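Values quoted throughout were computed directly from the atomic coordinates according to the rules given, and no laboratory measurement underlies them. In this text, all values refer to a predicted model and were calculated from it rather than measured experimentally. Note that each Cβ is placed from the backbone with ideal geometry, even for glycine, and that neighbours are counted across all protein chains shown.
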Amino acid sequence: MTLGALPYILALVLMLIGLYVVVAKKNIIKIILGVCILEYAVNLFLLLLGYRHGGAAPIRTAEQADTSAFAAGAVDPIPQALILTSIVIGLGCLALMVSLAVRLHEKFGTFDMTRIRELKG
Amino acid sequence: MTQGMSLIVKTITRLVTSFITLFGIYIVLYGHVSPGGGFAGGVILSAGMILLLLAFGREQTMKIISHSALVIWDSAGALAFLTVAVVGYLAGDFFINFLSTGEPYRLASAGTIPLSNMAIGAKVGAGLFGVFLALAIFRPGRHQEEE
Amino acid sequence: MDPFMLLLLALLAFMIIGSLIAAETEDLLSSVVCVGAIGAGLAIIDLFLGAPDLAITQVVVEILCVAILIRVVLNRKDETHRTHKDTFAVGSVLLFLGVLLVLGGWAMTTLHPFGEPLLAGDQPGVAQQYLTNGLQDTGAANYVMAVLLDYRAYDTLGEATVIFVSIIGAYVILRQRGKLRHDTGNESDS
């Protein structure tokens, strides 16, 4: 069953693209965007791990009175709970990185890593 | 970003912001019975305030919400969440759900979860808007590297 | 192959293409917009995989993300495209990423196949316990909130601390200059 792993592999490809941007690019804003892509890919991978075929959202309404039927048909709530905080943490970290980049641009007048290194802060 | 945007944007913002804020509060309060919760609602609240900031410029916005008030809300949210935890500790265990769970599918149910949601909503909303405000206030200094 | 799977794969392909464009365009602004498109695609995937909480949060966070990044990129000149390309470095990075892709893809095939997670197997584990007992234990109809704020609230406290620290860090980094300039006047002219 090779198809069963295909979404995981695509999430892995997305993660590697993010890693490539972080490692190979010279622009600070590009590196921040690479961290963003990496974060999306990891969130996506965790979410894919918890899905089951035909699964419903783990939010119950008053009509779903049968507990065992609900428990047999809902997706995994634990990865969702972890990702929910991780998304907001990602935004906080993005703000931190962006403020660092702004300070660097103020000091050196460029976003380019190689030129910043040449200028010897 | 000194004077804000045009008249059309300002008028629409005036109409829409209160509804965005109301929706954010709804998402926070009903987090335990429907999709949403403190994190999502807090981000929506901060998005509404950011709309205000982008449309009216920072002078007008800081008259309504000052930076120190944001810091106070942020810290108060964190403290309230910790207080819920510590009161639970006094009731037996750290983060124990010491209130009655109540009748399911109602607003007044699930014990301490709505309280924690409110604390997290205040914390996330104020914190993220505070960062955006700090980025907006920040002016790159006059010196541009004479090369 | 059922249409759900096709849609999921199409959205994943959209995200990958978007990230490739974001990686390779010269213009920073288009790059930022591409990352916004990736986030929007992720929000739609969240919705299809049964996570409406995540979809709400992801959409709004994405908007804020793009707003912050555009605010930074706009009005700031960028000269990266003038620098020469280091072919050897990029080639070696691509080589190692290819090795990582082969090994990681091989590892992914040993996981549970997509759609049959651990909680549907013989040993359901803790997730099935949460789904079975969640309503009696906590009274919350939203099981994500039940896990987040009741079963694993200690974890959430730690994550709230991380958000707090990152936001305070951003304040500190951005603020010092302003105070310095207010106090000492034209320090930045020197």
* Structure fact -> Taking Cα atoms only, helix B:113-137 is inclined relative to the longest principal axis of chain B by an angle, in degrees rounded to 10, of 10 degrees
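Please order A:Ser99, B:Ser66, B:Ser46 by the number of other Cβ within 10 Å, starting at the fewest.
Lowest count first: B:Ser66, A:Ser99, B:Ser46.
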* Structure fact -> Counted neighbours (other Cβ, 10 Å), sorted fewest up, put B:Lys10, A:Lys25, B:Lys123, A:Lys30 in the order B:Lys10, A:Lys25, A:Lys30, B:Lys123
* Asked: Cα axis of helix A:6-24 to longest principal axis of chain A: angle in degrees, 0 to 90, nearest 10?
  -> 10 degrees
* Go from 0 up to the bin containing the longest alpha carbon distance in chain B, width 5 Å each, and give me the % of pairs per bin. => 2, 10, 15, 17, 16, 12, 10, 7, 5, 3, 2, 1, 0, 0, 0
* Which whole-number percent gives the relative contact order of the range B:7-137, counting Cα pairs below 8 Å spaced six or more residues apart? -> 34 percent
* Quick one: how many lysine pairs in the protein assembly as shown have C-alpha atoms under 28 angstrom apart, if they're 8 or more apart or on different chains? -> 26
* Structure fact -> Between the Cα axis of helix A:28-50 and the main Cα principal axis of chain A, the angle (0 to 90°, nearest 10) is 10 degrees
* **Convex hull of the range B:10-64 built on C-alpha atoms - directionally averaged projected area, nm²** => 3.7 nm²
* To do: Any chance you could list the semi-axes, whole Å, largest first, of the equivalent ellipsoid that the Cα gyration tensor gives for the range C:1-48, using √(5λ)?
  => 24, 11, 4
* If one puts a single equal scatterer on every Cα of the range C:8-76 and applies the Debye formula without solvent, what log₁₀ I(q)/I(0) results at q = 0.16 Å⁻¹? -> -0.56
* Compute the Kirkwood hydrodynamic radius of the protein assembly as shown, taking the inverse of the mean of 1/r over all pairs of distinct Cα atoms, and give it in Å to one decimal. => 23.5 Å
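Ranking A:Val42, A:Val88, C:Val172, B:Val124 by Cβ neighbours within 10 Å, fewest first, what do you get?
Going from least to most buried by this count: C:Val172, A:Val42, A:Val88, B:Val124.
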* To do: Percent of Cα-Cα pairs per 10 Å bin, from 0 to the last occupied bin, for chain A, please list those.
  => 12, 29, 26, 17, 10, 5, 1
